[in-house]
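The values are calculated or read from the model by the stated rules, or taken from the named source; none is laboratory data. Only a predicted model underlies this, so the values are computations on that prediction, with no experimental measurement involved. Heads up, the Cβs are rebuilt from the backbone with ideal geometry, glycines too, and the neighbour counts pull from every protein chain shown.
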Amino acid sequence: MTETTTGLTAGTAAETKKFNIDTVENAAKTPDVELPWAELGLKQNEFDEVVKVLGRRPTGAELAMYSVMWSEHCSYKSSKNHLRQFGEKVTAEMKKDMLVGIGENAGVTNLGDGWAVTFKIESHNSPSFVEPYQGAATGIGGIVRDIISMGARPVAVMDPLRFGAIDHPDTARVMHGAVAGIGGYGNSLGLPNIGGEMVFDSVYQGNPLVNALAVGVMRHEDIRLANASGKGNKVVLFGARTGGDGIGGASVLASESFDDTKPSKRPAVQVGDPFAEKVLIECCLELFKGSLVEGIQDLGAAGISCATSELASNGDGGMQVELTSVLLRDPTLTPGEILMSESQERMMAVVTPENIAAFEAVMDKWAVEYSWLGEVTDTGRLIITWEGEVIVDVDPRTVAHDGPVYDRPYARPEWQDAVQADSFTGSVQDAGRPSAPAELAAAVTELVASPNMCSKAWITQQYDRYVGGNTAMAFPDDAGVVRVDEETGLGVALATDANGRYTYLDPYHGAQLALAEAYRNVATSGAVPMAVSDCLNFGSPEDPDVMWQLAEAIRGLSDACMVLGIPVTGGNVSLYNQTGTTPIHPSPVVAVLGKFDDVARRTPSGWKEDGQAIYLLGTTAAELDGSEWSNMRGHLGGLPPKVDLAAERALGEILINASRDGMVDAAHDLSEGGLAAALVESSLRYGVGARIALQDVLDRDGVDLFTALFSETQGRAIVSVPRSEEIRFTDMCTARGFAHARIGVVDAESGTLEITGVETMDLAALREAHEGTLPKYFG
Amino acid sequence: MTELPLIGEAVAVAAHGSDLRQLNGAKIGVVTFPGTLDDRDAVRAVRLAGATPVALWHADTTLGDVDAVVIPGGFSYGDYLRAGAISRFAPLMSKIIDAANSEARLPVLGICNGFQILTESHLLPGSMIKNDHLKFMCRDQVLRVENNTTDWTRDYAAGQEITVPLKNQDGQYIADEKTLDALEAEGRVVFRYVGFNPNGSRRDIAGISNAAGNVVGLMPHPEHAVEAGFGPEEGSGTEGLGFFTSVLNKIVGDNK
């Protein structure tokens, strides 16, 4: 923490007069001054563009702003050309419930009854590798502030996590830190953690993926946007003070200063203060309730640079800001550092003069610090001064929106064909495929104990899932479900999914499979899928192979959204996830949000009632390439399971109707680990066993028992149906022409999972295997 | 708190088989500190029990006319010093301490961080330290009601086992042996963990009371077990509601 090097002196601007301030006037007079643009991450052509836009060289402060705002992270310069498809491939029908689309802090979807929901998923990958606790914690903090910025009360979080090999010595460091950070921050905010993912794969060893999702709800009239409008309205910065944390490459800015006493090394990872964030949440909600802010923006990546330029750019005029008014934790910060600092728990708002007193009263009530920085103007310029001297004079659009856009070259990798030709079936790793009853039972047990399929309870029991009192479903069910309206039971369901192996084998279809699984999970819970947010985690866009993966994934995802009829409302792109020249598996994490008219009818993933019929919905093909089974055997090749979006839609409708009409008591989607994993999970959910016979399925689909159990064919689910509902349920499936097979019954007495052809498995032993893995590695 | 959602009346009536609306006159205060998290849940629990919740702010200097007070869970002041150590100095806390010790014996319930605040305030003995396994833990926890004569447990049977959520980082109850012996001897151990001690608490103690039985503190969360489908999956899911109906019956009984 910076405080340790500087002391906790509350800095004020007056103390900071030691800088040789590079004013706009100075910049115009000294065109040939060497600027550290390369160290700040700008390319020659980008720096030239800045000079062209300004008609002179940038000042140090302007350079700081452009360098962060034109970074890949903030400008989406490599992905923008492709991301357009999310906005283009939408129908009027898909737009009908979209109240705020892509481009704002988070998209907003209409829930009906005057309610709206906003959700977004983001990455905090690199910080979480460098400093897992703070990286993961501030990932939660950042996404939650995005949700508050929309005017919503955050109501839940989720955390999809991807780590290196489970037995690698460094994995425990990242795992312990990230989980404790997510828990430490999220638990302190009073937000239930309702689900997520956990994947171990050596491709993530040097690039763990720590993604965070937050969801919030609001009344329609409370929706807030990030824009600064109305000449004379005041600009205020509130929340935590600005410190030296989270400044990337800031050391080069030392050229701005004559003072050698300032801390020489700034941590690039932000440090979180969840208590400050919790207070900020309540404080903002009180501001919204009193209609005390005209526009609001959280401070995340690029800090004040981003907030001022985006607010001004989205507004109708300009903005004038006095930078010495910023309250500092560290009085030695230079103007450039103040502009770039990513100190957490800060917000910027636009307030009318009439509301200043009321605004200040709310701040005082919650003991939140604030400072008035300036005001909205009609000049069309963003002017930032330092003790009255102009150090930034830019068109805010050129900073926030008109950054460089690249058409990066991309091409299908030369190795792709060879990978796709290398099917698991018949491979060396496929030798000795289990077939005898004892072998199959051992295989099932090994599967559910494997790193990716084992119980995630070790993680989730470190998260508060109860706070708020509206959690209707959470881990380990298929989707997290939160009630929005206590009177009517109106609520939302959320699921996130990705499969890096599938996407590596075929980026176009792999991304679609991620969407299909999240969609299926939401439908399995009984909710109607409505909207999508995606976090696209990829390697370097400068590698044509990776760029092709990214382009294909976006094309696949946007095409599939059209077919499923649900729009992307926002998301995030995380590039350069690679170690040396080795990229991670392309990992588009897709979050789907669904709606419940009443969460009371949610469908859990486990069965309880003795004698209920168990049905398998959908047909099974021999699709083991990219599967968990092949992964356990160390093989990755071939083609991922086929995508059939029409089947996903049909299955979804059946599951939603079944929930609505009370035809099923349990439903669980089939995905990684196939039917074997689903049967074990549904049995272990409430510790209630089942007797299963798959002969009809084997005959119908032409597969053997092993394939039926371990294949990862999509568009499938298992359900348990009360006897009284069986006819109605099967009639519905028949009427819709959807394959369904009665594969067994719930057996509450036996304490076993019995599958014909597989040695009977004791639930207690399965549970021990399933739940023992994470404690074994992580204590 | 002005705009509380009007929920729960019907649920409360259904749960208790009698028309509780007559009890709406009973006012139960719920205190919010900066960093309090479960205040909305406590408000809901009070309402579901049939009473009228009253929002209290830590900086308030009066308790108004509340008949009982709940100090809910959370991380007041971030727990950055020691859980509850700063909150005990809030202006409202001195009022609560006085009222709890007064002849009228105001019923006070501290849940989780609220329990920590009560020990820091010396309304209850002992203290909480970090869980013995050093991690935050969230689980459905079985408790045994060891004393059903306090203001907050009179609706339970002695020895009754209830399941409520538990979620904390600093939940390990400790006190010196003499204090523990005295608590046991005086029947002031109100709840004990059953089956699994989730944090290393001495003698499996989950909750205690003061000598008069009007002040009760516990680490688990009864306010998260008041509505079926939104609480523990074991049992009825509403086994925490008895805390709130207990105090309500006590208030109504006193007013008779």
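Count of the stretch B:166-200 residues, restricted to those that are without any contact (Cβ under 8 Å) to a residue 40 or more places away in the chain and charged (D, E, K, R), is 6.
Of the residues making up the stretch A:680-703, those that are closer than 16 Å to A:ASP610 by Cα, assigned to a helix (DSSP H, G or I) and in contact with a strand residue (DSSP E or B) (Cβ under 6 Å, 6 or more places away or on another chain) are A:SER682, A:SER683. For the stretch A:577-588, check the following and say yes or no: at least one residue is farther than 27 Å from A:ALA301 by Cβ and touching a residue at least 60 places away in the same chain (Cβ under 8 Å). For the stretch A:577-588, residues farther than 27 Å from A:ALA301 by Cβ and touching a residue at least 60 places away in the same chain (Cβ under 8 Å): absent.
Applying the criterion of being hydroxyl-bearing (Ser, Thr, Tyr) and more than 32 Å from the chain's Cα centre (by Cα) to the residues of the stretch A:400-436, the residue that is surrounded by the most Cβ atoms within 10 Å (Cβ to Cβ) is A:SER427.
The residues of the stretch A:274-297 that are closer than 22 Å to A:PRO353 by Cα and within 10 Å of chain B (Cβ to nearest Cβ), listed by number, are A:CYS283, A:LYS289. State yes or no: is B:ALA211 out of contact with any helix residue (DSSP H, G or I) (no Cβ under 6 Å at 6 or more places or on another chain), closer than 16 Å to B:MET137 by Cα and either away from every other protein chain (no Cβ under 14 Å) or assigned to a loop (DSSP other than H, G, I, E, B) (or both)? In short, no.
So that you can scan it fast, the table gives a plain yes or no per residue for (1) at pLDDT 90 or above; (2) loosely packed, with under 13 Cβ neighbours inside 10 Å; (3) under 14 Å from A:GLU389 (Cα atoms):
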residue	(1), (2), (3)
A:THR4	no, yes, no
A:LEU8	no, yes, no
A:ILE21	no, no, yes
A:VAL24	yes, no, yes
A:LYS29	yes, yes, no
A:GLU39	no, no, no
A:GLU46	yes, no, no
A:VAL51	yes, no, no
A:LEU54	yes, no, no
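Looking only at residues in the stretch A:27-56 that are part of a helix (DSSP H, G or I) and touching a residue at least 60 places away in the same chain (Cβ under 8 Å), the one that is farthest from A:GLU72 (Cα to Cα) is A:LEU54. Among residues of the stretch A:452-469 that are among the acidic types (Asp, Glu), those with a beta-carbon under 7 Å from a residue that is crowded, with 22+ Cβ neighbours inside 10 Å at least six positions away or on a different chain give the pairs A:ASP464/A:ASN187; A:ASP464/A:PRO192; A:ASP464/A:ASN193; A:ASP464/B:CYS138; A:ASP464/B:LYS167. If you filter the stretch A:453-471 down to residues that are of a type in the set (Gly, Ala, Ser) and farther than 15 Å from A:GLY606 by Cβ, you find that the one that is farthest from the other protein chains (Cβ to nearest Cβ) is A:GLY468.
Are there any strands (runs of 3 or more DSSP E) wholly within the stretch A:524-603 with 3 or more residues that are at pLDDT 95 or above, over 14 Å from the mean Cα position of the chain (by Cα) and not aliphatic (A, V, I, L, M), and if so which? Talk me through it step by step, then tell me what you get.
Numbers: elements: A:528-537, A:568-574, A:587-596.
Here the list reads A:587-596.
The set of residues in the stretch A:323-379 that are of a type in the set (Ser, Thr, Tyr) and surrounded by fewer than 24 Cβ atoms within 10 Å (Cβ to Cβ) comprises A:THR324, A:SER325, A:THR332, A:THR352, A:TYR370, A:SER371, A:THR377, A:THR379.
Across the stretch A:683-709, the qualifying residues are those that are away from chain B (no Cβ under 14 Å) and touching an Asp or Glu at 6+ places or on another chain (Cβ under 8 Å), and the one among them that is farthest from A:GLU759 (Cα to Cα) is A:LEU698. There is no residue in the stretch A:132-150 that is touching a residue at least 40 places away in the same chain (Cβ under 8 Å), within 14 Å of another protein chain (Cβ to nearest Cβ), surrounded by fewer than 24 Cβ atoms within 10 Å (Cβ to Cβ) and among the hydrophobic types (A, V, I, L, M, F, W, C). Within the stretch B:106-143, the set of residues being in contact with a Ser or Thr (Cβ under 9 Å, 6 or more places away or on another chain), more than 14 Å from B:LEU166 (Cα to Cα) and free of Cβ contacts under 8 Å to residues at least 40 places away in the same chain comprises B:GLU120, B:SER121.
Residue selection: B:VAL247 fails the criterion of being in a helix (DSSP H, G or I), modelled with pLDDT under 95, surrounded by 16 or more Cβ atoms within 10 Å (Cβ to Cβ) and away from every other protein chain (no Cβ under 14 Å).
Residue by residue, here is whether (1) among the acidic types (Asp, Glu); (2) within 38 Å of the chain's Cα centre (by Cα) holds:
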site	(1), (2)
A:VAL703	no, yes
A:ALA708	no, yes
A:ALA717	no, yes
A:SER720	no, yes
A:ARG723	no, no
A:ASP731	yes, no
A:SER750	no, no
A:THR756	no, no
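Suppose we keep only residues that are at pLDDT below 50 and in contact with a Lys or Arg (Cβ under 9 Å, 6 or more places away or on another chain) within the stretch A:229-252. Which one would you say is nearest to A:GLY317 (Cα to Cα)? My answer is A:ALA250. Of the residues making up the stretch A:682-697, none is of a type in the set (Val, Ile, Thr), in the same structural domain as A:GLY744 (by TED's automatic domain parsing), under 23 Å from A:PRO529 (Cβ atoms) and in contact with a Phe, Trp or Tyr (Cβ under 7 Å, 6 or more places away or on another chain).
Note on the stretch A:274-374: enclosed helices (runs of 4 or more DSSP H) holding 2 or more residues that are over 27 Å from A:HIS220 (Cβ atoms) and either in contact with a Cys (Cβ under 7 Å, 6 or more places away or on another chain) or at pLDDT 95 or above (or both) are A:356-365. Scanning for something outside any helix (DSSP H, G or I), buried (at least 24 other Cβ atoms within 10 Å of the Cβ), within 14 Å of chain B (Cβ to nearest Cβ) and at pLDDT 95 or above, does the stretch A:205-212 turn up at least one residue? There is no residue in the stretch A:205-212 that is outside any helix (DSSP H, G or I), buried (at least 24 other Cβ atoms within 10 Å of the Cβ), within 14 Å of chain B (Cβ to nearest Cβ) and at pLDDT 95 or above.
Answer with yes or no whether B:THR179 is part of a loop (DSSP other than H, G, I, E, B) and of a type in the set (Ser, Thr, Tyr). For B:THR179, the condition - part of a loop (DSSP other than H, G, I, E, B) and of a type in the set (Ser, Thr, Tyr) - is not met. Mind checking whether some residue in the stretch A:628-644 is closer than 23 Å to A:PRO567 by Cβ, in the same structural domain as A:PRO507 (by TED's automatic domain parsing) and in contact (Cβ under 8 Å) with a residue 60 or more places away in the chain? For the stretch A:628-644, residues closer than 23 Å to A:PRO567 by Cβ, in the same structural domain as A:PRO507 (by TED's automatic domain parsing) and in contact (Cβ under 8 Å) with a residue 60 or more places away in the chain: present.
The criterion of at least 3 residues that are within 14 Å of another protein chain (Cβ to nearest Cβ) and in contact with a Pro (Cβ under 9 Å, 6 or more places away or on another chain) is met by the following strands (runs of 3 or more DSSP E) wholly inside the stretch B:132-176: B:137-145, B:161-168.
Looking at A:VAL179, is it more than 26 Å from A:MET453 (Cβ to Cβ), at pLDDT 95 or above and within 14 Å of another protein chain (Cβ to nearest Cβ)? Break it down into steps so the answer makes sense when it comes.
Working: more than 26 Å from A:MET453 (Cβ to Cβ): no; at pLDDT 95 or above: yes; within 14 Å of another protein chain (Cβ to nearest Cβ): yes.
It is false that A:VAL179 is more than 26 Å from A:MET453 (Cβ to Cβ), at pLDDT 95 or above and within 14 Å of another protein chain (Cβ to nearest Cβ).
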